[in-house]
Amino acid sequence: MSWSRHYAVISFPGVGHVRPVLPVVEELRRRGHRVTHVVASRLADTARVSGARLVTYESSFPEPFGRAESVDDAARMLAELLREGFAPLDAAERALAGDRPDLLLHDDIAPHTARLLGARWDVPVVRLYAHFADNVQSGRSGGGAGIDPAAVLAHPALREAWQDEIDRLATHGLDADTVMSTLLRDDAVAELVFVPREFHPDGDFSPRRVFVGSTADPARARDPWTPPGERRVVLVSLGTTSAAAPGFFRACAEAFADTDWHVVMTLGSRVTPEEVGTVPPNVELHRWLTHLSVLPHASVYVGAAGMGSLLEALSCATPVLALPQTDEQRGNADRIAELGLGAALDPADVTPDTLRRLVDTLAADPGTAARARRMSGHLASAGGATRAADVLEQCADPSGANGFLAPQRTGNRH
């Protein structure tokens, strides 16, 4: 590109939503563009990219989020999402008002701030999906079955959260009608989906939607790790947002004791090695370890079904035993099983015998291995961060000479 642009990214406060964006930020910076990344302060260390401007805000969004089992649960969760959607507004407006971006990028879960600023400044927006687009997993996993949407929308907790936010937005010169009409307007010039088309369930997709696949690069794994000898390797993790479960890790250690498996477990921030206790000599415990250091050597990945973890495994052609922890993860796990890329197991059904049997079965099945290799090829050809940056440059092209919705300027940007 012969011109430099300013891109602003407003991320949702989840590791699985921030990480896919970082290689795109790096690629934009490599091409000479400026990038401002607005992110929750608790994820500041995760989100740092050389040369990019980091703007932080305080988020009260709970982690882990859990699942809705009742109208009260669903209303509480929507209220938290509503508050989070507007949480970055003050920080983003302060940081960008005098240096308005050419393009605003927002996570689809919390588009509120980007849409309001985009409408106010006449800046085009791009929607980012770190998971299946359009909630197509809804109804696949059974989450929220029997919950009346009308009862949720009428719930006092949700109404109170909405009124609180409208009162706060009044200080920005925004009234309820303006806010609602802006949020309901679907004017994204493009959508980037960090999932390969071949893994995504069917949906009604517009030409502006681009499936760039995973942006993780196995060649850039940060932590050196070498497999010990000739043992088969299984990687076990519950991800970054799952509740503490030392008993799960103890069950895994028991499952593979006195076998020819070498087990690598990443515990995360909520479980300590001391809580897991003594493990057999063929089991490694790590608080943190880059999965892409292990997955190229692993015969099976066992763990939470967050999209990032699943796609990292599949990029290395590693079959998956998915243990979904949330409604979203249940949809992901369903897709793994549906495509024959592994198996899904309810965490409540985990026993040492079941774990060992399923892992042995997946590792020995040539059909599963072949399908995982094909999906790895699809991920490699999807384009990742490079294709995402190509799309964003086209969207920011002021001439509108691109294959996406041309940015419409009304003259009130500056």
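As an exercise: evaluate Arg250 against (1) of a type in the set (D, E, K, R); (2) surrounded by fewer than 19 Cβ atoms within 10 Å (Cβ to Cβ); (3) closer than 26 Å to Leu314 by Cβ and give the number of the one condition it does not meet. Of everything listed in (1) of a type in the set (D, E, K, R); (2) surrounded by fewer than 19 Cβ atoms within 10 Å (Cβ to Cβ); (3) closer than 26 Å to Leu314 by Cβ, Arg250 misses just condition (3).
Can you run down the residue pairs with Cβ atoms below 7 Å, 6 or more apart or on separate chains, where the first is in the stretch 67-93 and within 15 Å of Ile147 (Cβ to Cβ) and the partner is hydroxyl-bearing (Ser, Thr, Tyr) and buried (at least 19 other Cβ atoms within 10 Å of the Cβ)? Cβ pairs passing all conditions: Arg67/Thr326.
Condition check ((1) modelled with pLDDT under 95; (2) not in a loop (DSSP other than H, G, I, E, B)) across all residues:
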{"position": "Ser60", "(1), (2)": "yes, no"}
{"position": "Phe65", "(1), (2)": "yes, no"}
{"position": "Ala68", "(1), (2)": "yes, no"}
{"position": "Asp72", "(1), (2)": "yes, yes"}
{"position": "Arg76", "(1), (2)": "yes, yes"}
{"position": "Leu81", "(1), (2)": "yes, yes"}
{"position": "Glu84", "(1), (2)": "no, yes"}
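Within the stretch 134-157, being surrounded by fewer than 21 Cβ atoms within 10 Å (Cβ to Cβ), under 26 Å from Asn332 (Cβ atoms), aliphatic (A, V, I, L, M) and at pLDDT 75 or above holds for one residue alone: Ile147. Note on the stretch 159-189: residues that are farther than 30 Å from Val391 by Cα, exposed (fewer than 14 other Cβ atoms within 10 Å of the Cβ) and aliphatic (A, V, I, L, M) total 1. Contact map, the stretch 360-383: residues that are closer than 27 Å to Cys252 by Cα paired with residues that are of a type in the set (Lys, Arg), Cβ distance under 8 Å, separation 6+ or inter-chain. Pairs shown: Ala363/Arg232.
The set of residues in the stretch 115-130 that are more than 29 Å from Gly308 (Cα to Cα) and among the basic types (Lys, Arg) contains only Arg120. Among the conditions (1) at pLDDT 95 or above; (2) within 29 Å of His378 (Cα to Cα), the only one that Thr326 does not satisfy is (1). Answer yes or no: is there a residue in the stretch 178-198 that is within 24 Å of the chain's Cα centre (by Cα), modelled with pLDDT under 95 and assigned to a helix (DSSP H, G or I). So far as the stretch 178-198 goes, yes, one or more of its residues are within 24 Å of the chain's Cα centre (by Cα), modelled with pLDDT under 95 and assigned to a helix (DSSP H, G or I). The residue pairs whose first member lies in the stretch 220-232 and is of a type outside the set (Gly, Ala, Ser) and at pLDDT below 75, whose second member is surrounded by 13 or more Cβ atoms within 10 Å (Cβ to Cβ) and assigned to a loop (DSSP other than H, G, I, E, B), and whose beta carbons are closer than 8 Å, counting only pairs six or more residues apart or on different chains, are Arg222/Thr290; Asp223/Leu289; Asp223/Thr290. Right, Val300: closer than 25 Å to Pro13 by Cα and either buried (at least 20 other Cβ atoms within 10 Å of the Cβ) or not assigned by TED's automatic domain parsing to the domain that holds Ala337 (or both) or not? So Val300 does not fit the description; no. Residue pairs whose Cβ atoms lie under 6 Å apart, separated by 6 or more positions or on different chains, with the first residue in the stretch 260-273 and among the polar types (S, T, N, Q) and the second surrounded by fewer than 19 Cβ atoms within 10 Å (Cβ to Cβ), are Thr266/His286. Once the stretch 51-65 is narrowed to residues that are without any contact (Cβ under 8 Å) to a residue 24 or more places away in the chain and closer than 29 Å to Arg30 by Cβ, the residue that is surrounded by the most Cβ atoms within 10 Å (Cβ to Cβ) is Leu54. What is the number of the single condition among (1) over 24 Å from the mean Cα position of the chain (by Cα); (2) β-branched (Val, Ile, Thr); (3) modelled with pLDDT under 95 that Thr361 does not meet? Result: Thr361 passes all but (3). Scanning the stretch 337-352 turns up no residue that is within 29 Å of Arg67 (Cα to Cα), under 19 Å from the mean Cα position of the chain (by Cα), aliphatic (A, V, I, L, M) and surrounded by 14 or more Cβ atoms within 10 Å (Cβ to Cβ). Residues in the stretch 321-336 that are surrounded by 24 or more Cβ atoms within 10 Å (Cβ to Cβ), within 21 Å of Asp73 (Cβ to Cβ) and in contact with a Pro (Cβ under 6 Å, 6 or more places away or on another chain): Ala333 alone.
The values are calculated or read from the model by the stated rules, or taken from the named source; none is laboratory data. Because the structure is predicted, anything quoted here is derived from the model rather than measured. Because the Cβ atoms are built from the backbone with ideal geometry, glycine has one as well, and the counts that use them run over all protein chains shown.
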